[in-house]
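The values are calculated or read from the model by the stated rules, or taken from the named source; none is laboratory data. Here the structure is a predicted model, which is why all the values come from computation and not from measurement. Counting neighbours? That spans all protein chains shown, and the Cβs are built from the backbone with ideal geometry, glycine included. Only protein heavy atoms, including side chains, enter the accessible area calculation; ligands, DNA and RNA are left aside. Shrake-Rupley method; radii C 1.70, N 1.55, O 1.52, S 1.80 Å.
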Number of protein chains: 2
Amino acid sequence: MAHDAALFLARHKIDGVATSEFADAWRRRYGPAMEEVRSGRRAFVRLDVLHRENLLAVLGDYGVDAASIPAEEVDGLNLAWHRLDPWPDSLSGLTRLKATRIIAPLSNGNIVLMLDMAKRAGIPWDAILGAEVVQAYKPMPEAYLRTADVLGLRPEQMCLVAAHNSDLAAARQCGYKTAFVARPTEHGPGQTTDLKAEADWDVIARDFNDLADKVGA
Amino acid sequence: MAHDAALFLARHKIDGVATSEFADAWRRRYGPAMEEVRSGRRAFVRLDVLHRENLLAVLGDYGVDAASIPAEEVDGLNLAWHRLDPWPDSLSGLTRLKATRIIAPLSNGNIVLMLDMAKRAGIPWDAILGAEVVQAYKPMPEAYLRTADVLGLRPEQMCLVAAHNSDLAAARQCGYKTAFVARPTEHGPGQTTDLKAEADWDVIARDFNDLADKVGA
């Protein structure tokens, strides 16, 4: 992400803004943009659309005339979200879990975002579920309840695996089982949130291999 | 499917009806039930729901009091649709295609139906798309157009691979590329429809390995 943003800023001679500052400003718009949908003020649109709108807005904040940048260049940077690398333990842990369980992302990321990420990295999900399929963003209960329904399962037959305590709290509220996998450097070395489990989640694991160990996969 | 139906009929002492006749009667209700949704007379419901309603109706046609059969037994037979075997060439052909293309079903079958089938057989789809994701049944144009949109692609960047000429005709109408793979025994040895390509589809292949050959995968 930072690398893609740096190239973009350099190519368009957007000076005087650090890459990390630009990326952070872009990411800060993520929550409020989704909240427009969650609140019902806006009909559901997928995350790629919100990311793109947010990118144009951030460019505007830095005084860049977004209209001067070819649409394909904007799309290209927006697709940086499709190229995130998995954590090093994810592939082996997920492959073990897949042998005896259905594994699928329940992400706010849209289908092709998750698909591109999985295809690039070789993540073996059984399906791509989440916000776009059920037309609701987490942590709204609909996101969890409708996803269970898509699978023909009751919430207590589902387990959310997440690195965010608030996500797990919302899932538990809906009846899901919960598993916490810490990702203490997700937001960089200075991360201050979600460094550890903040409730008695059903499983608390160091990584996906440890999760597979703990659930006997 | 026939095997599951035979066991069900025997277990519930439903005599005087041949398994194949029962299965055919069940399948005959598939089109009309979907048409209720396509016509707009009924809100979208997934195929598992239609299959289950149709099963209860067919049982009624044969004079069986469906209420006397435990719900789990009805569900069990309904899940026979989740246990269909792939054609012998599908796994190898799809695996070759997947190396350089996104592969996903654009089926009227719902997500967990396709997921169960894929997981049982090892089909390596990149995602499960189709009617439930876009809330529209083929051959409505929305089913094809919205699926392209989910992938962020234009219709001409999509290719429908199908054994049904009518499906390909509807996809072509929407701008898709088209590939025909004959399945001349899909409906048994006496099949009379879709025995061969009935238009100049972009690719006409004997099976999925031949398709992979023909598109250079």
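Do we have B:Met114 as free of Cβ contacts under 8 Å to residues at least 24 places away in the same chain and either in the same structural domain as B:Gly40 (by TED's automatic domain parsing) or among the hydrophobic types (A, V, I, L, M, F, W, C) (or both) here? Explain how you work it out, then say what you get.
Numbers: free of Cβ contacts under 8 Å to residues at least 24 places away in the same chain: yes; either in the same structural domain as B:Gly40 (by TED's automatic domain parsing) or among the hydrophobic types (A, V, I, L, M, F, W, C) (or both): yes.
Judged against the criteria, B:Met114 is a match.
Determine which member of the set A:Asp167, A:Asp194, A:Asp126, A:Asp116 is more than 16 Å from the chain's Cα centre (by Cα) and at pLDDT 95 or above.
Working: A:Asp167 fails: more than 16 Å from the chain's Cα centre (by Cα); A:Asp194 fails: more than 16 Å from the chain's Cα centre (by Cα); A:Asp116 fails: more than 16 Å from the chain's Cα centre (by Cα).
The unique qualifying residue is A:Asp126.
Say we look at the stretch B:142-161 and pick out the residues that are away from chain A (no Cβ under 14 Å) and under 19 Å from B:Asp202 (Cα atoms); which of these is farthest from the chain's Cα centre (by Cα)?
Taking the stretch B:142-161 first, the residues away from chain A (no Cβ under 14 Å) are B:142-145, B:155-156, B:159-161.
With under 19 Å from B:Asp202 (Cα atoms) added as a condition, the list becomes B:144-145, B:155-156, B:159-161.
On the way: B:Tyr144: 15, B:Leu145: 18, B:Pro155: 21, B:Glu156: 23, B:Cys159: 17, B:Leu160: 13, B:Val161: 12 Å.
That would be B:Glu156.
Starting from residues that are of a type in the set (S, T, N, Q) and closer than 23 Å to B:Val203 by Cβ, keep the ones in the stretch B:103-128 and report whichever is nearest to the other protein chains (Cβ to nearest Cβ).
If we filter the stretch B:103-128 for residues that are of a type in the set (S, T, N, Q), which is where we start, we get B:107-108, B:110.
Pick out the ones that are also closer than 23 Å to B:Val203 by Cβ and you get B:107-108.
Working: B:Ser107: 13, B:Asn108: 15 Å.
Ranking the candidates gives B:Ser107 first.
May I ask you to verify whether B:Thr100 is at pLDDT 95 or above, closer than 27 Å to A:Leu47 by Cβ, touching a strand residue (DSSP E or B) at 6+ places or on another chain (Cβ under 6 Å) and within 13 Å of another protein chain (Cβ to nearest Cβ)? Walk me through how you get there before you give the answer.
Working: at pLDDT 95 or above: yes; closer than 27 Å to A:Leu47 by Cβ: yes; touching a strand residue (DSSP E or B) at 6+ places or on another chain (Cβ under 6 Å): no; within 13 Å of another protein chain (Cβ to nearest Cβ): yes.
For B:Thr100, the condition - at pLDDT 95 or above, closer than 27 Å to A:Leu47 by Cβ, touching a strand residue (DSSP E or B) at 6+ places or on another chain (Cβ under 6 Å) and within 13 Å of another protein chain (Cβ to nearest Cβ) - is not met.
Quick one: which of A:Asp89, A:Asp65 is more than 16 Å from A:Leu7 (Cα to Cα) and at pLDDT below 95?
Values: A:Asp89 fails: at pLDDT below 95.
Exactly one residue qualifies, and that residue is A:Asp65.
Which one of these does A:Thr193 not meet: (1) within 14 Å of chain B (Cβ to nearest Cβ); (2) part of a loop (DSSP other than H, G, I, E, B); (3) of a type in the set (Ser, Thr, Tyr)?
(1)
For the subset of the stretch A:139-157 comprising residues that are part of a loop (DSSP other than H, G, I, E, B) and over 20 Å from A:Asp48 (Cα atoms), which member is most open to solvent (accessible area, probe 1.4 Å)?
So in the stretch A:139-157, the residues part of a loop (DSSP other than H, G, I, E, B) come out as A:139-140, A:151-154.
Among the residues that remain, those that are also over 20 Å from A:Asp48 (Cα atoms) are: A:151-154.
Details: A:Leu151: 18, A:Gly152: 60, A:Leu153: 58, A:Arg154: 134 Å².
Looking at the filtered set, the residue picked out is A:Arg154.
Inspect the stretch B:38-49 for any residue being among the aromatic types (Phe, Trp, Tyr) and either on the phi > 0 side of the Ramachandran plot or more than 17 Å from the chain's Cα centre (by Cα) (or both) and give the result as yes or no. Spell out how you get there, then give the answer.
Step one: filter the stretch B:38-49 for residues among the aromatic types (Phe, Trp, Tyr), giving B:44.
Restricting the remaining residues to those that are either on the phi > 0 side of the Ramachandran plot or more than 17 Å from the chain's Cα centre (by Cα) (or both) gives none.
There is no residue in the stretch B:38-49 that is among the aromatic types (Phe, Trp, Tyr) and either on the phi > 0 side of the Ramachandran plot or more than 17 Å from the chain's Cα centre (by Cα) (or both).
Before we move on, is A:Lys98 more than 17 Å from B:Asn110 (Cα to Cα), over 13 Å from the mean Cα position of the chain (by Cα) and without any contact (Cβ under 8 Å) to a residue 24 or more places away in the chain? Can you show your working first?
Details: more than 17 Å from B:Asn110 (Cα to Cα): yes; over 13 Å from the mean Cα position of the chain (by Cα): yes; without any contact (Cβ under 8 Å) to a residue 24 or more places away in the chain: no.
No; evaluated as a whole, the condition is false for this residue.
Could you tell me whether the stretch A:24-47 includes any residue that is within 14 Å of another protein chain (Cβ to nearest Cβ), open to solvent by less than 20 Å² (accessible area, probe 1.4 Å) and outside any loop (DSSP other than H, G, I, E, B)?
Among the residues of the stretch A:24-47, at least one is within 14 Å of another protein chain (Cβ to nearest Cβ), open to solvent by less than 20 Å² (accessible area, probe 1.4 Å) and outside any loop (DSSP other than H, G, I, E, B), which makes the answer yes.
In the stretch B:48-81, how many residues are in a helix (DSSP H, G or I) and either in contact with a strand residue (DSSP E or B) (Cβ under 9 Å, 6 or more places away or on another chain) or hydrophobic (A, V, I, L, M, F, W, C) (or both)?
Initial filter on the stretch B:48-81 (in a helix (DSSP H, G or I)): B:48-61, B:66-68, B:71-81.
Subsequent filtering for residues that are either in contact with a strand residue (DSSP E or B) (Cβ under 9 Å, 6 or more places away or on another chain) or hydrophobic (A, V, I, L, M, F, W, C) (or both) retains B:49-50, B:55-59, B:66-67, B:71, B:74, B:77, B:79-81.
Of the residues in the stretch B:48-81, 15 are in a helix (DSSP H, G or I) and either in contact with a strand residue (DSSP E or B) (Cβ under 9 Å, 6 or more places away or on another chain) or hydrophobic (A, V, I, L, M, F, W, C) (or both).
Of the conditions (1) in a loop (DSSP other than H, G, I, E, B); (2) more than 9 Å from chain A (Cβ to nearest Cβ), B:Phe180 clears all except one; give me its number.
Every condition holds for B:Phe180 apart from (1).
Do we have any residue at all in the stretch A:50-73 that's small (Gly, Ala, Ser), open to solvent by 70 Å² or more (accessible area, probe 1.4 Å) and under 21 Å from the mean Cα position of the chain (by Cα)?
Looking for residues that are small (Gly, Ala, Ser), open to solvent by 70 Å² or more (accessible area, probe 1.4 Å) and under 21 Å from the mean Cα position of the chain (by Cα), one finds none in the stretch A:50-73, hence no.
Of all residues in the stretch B:129-139, how many are farther than 11 Å from B:Ala171 by Cβ, within 15 Å of the chain's Cα centre (by Cα) and more than 9 Å from chain A (Cβ to nearest Cβ)?
Pass one, the stretch B:129-139, residues farther than 11 Å from B:Ala171 by Cβ: B:129-137.
Narrowing the set further to residues that are within 15 Å of the chain's Cα centre (by Cα) leaves B:129-133, B:136-137.
From what's left, more than 9 Å from chain A (Cβ to nearest Cβ): B:130-131, B:136-137.
The qualifying residues number 4.
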